[in-house]
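Since the structure comes first, as structure tokens, the remarks are kept for the end.
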Amino acid sequence: MVDLVDMAEELRAQQMQEKLNSRAQFEGESRYGCAECGTEIPAQRRAIGGVTRCVQCQTHFEAQQKHFRGV
Ligand SMILES: [Zn+2]
């Protein structure tokens with residue numbers, strides 16, 4: 001079961017990045033610091049491109065969006 005949870009988390013993170021990458025205004029460019037809290041975004045995450053939030057803020061943001069859509 002632990003493996004399933006890990007896979008779900010990985011898939012979720014992947015979808016998150018795809019969403020970020022689809023945002024044309026930030027395409028190919030990542031912020032150095034999180035747009036929400038200013039925390040430095042890890043280089044590994046910035047390398048993906050189009051990253052504007054730290055993992056924690058992005059997770060929170062995604063959760064809000066899901067809630068808003070009623071999913
Ligand atoms: Zn943040």
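Looking only at the stretch 42-64, count how many residues are near the ligand (Cβ under 8 Å from one of its atoms) and crowded, with 17+ Cβ neighbours inside 10 Å.
Count: 4.
Among the residues that make up the stretch 6-28, is at least one of them surrounded by 14 or more Cβ atoms within 10 Å (Cβ to Cβ), modelled with pLDDT of 90 or more and out of contact with any helix residue (DSSP H, G or I) (no Cβ under 9 Å at 6 or more places or on another chain)?
no
Which residue pairs have Cβ atoms under 9 Å apart, sit 6 or more places apart or on different chains, and have a first residue in the stretch 48-68 that is farther than 12 Å from Ala35 by Cβ and a second that is in a loop (DSSP other than H, G, I, E, B) and away from the ligand (no atom under 16 Å from the Cβ)?
From the stretch 48-68, the pairs are Gly49/Glu27; Gly49/Gly28; Gly49/Glu29; Gln65/Val71.
The values are calculated or read from the model by the stated rules, or taken from the named source; none is laboratory data. Keep in mind that this is a model prediction, so the values were computed, not measured. Here Cβ is always computed from backbone atoms with ideal geometry, including for glycine, and neighbour counts include all displayed protein chains.
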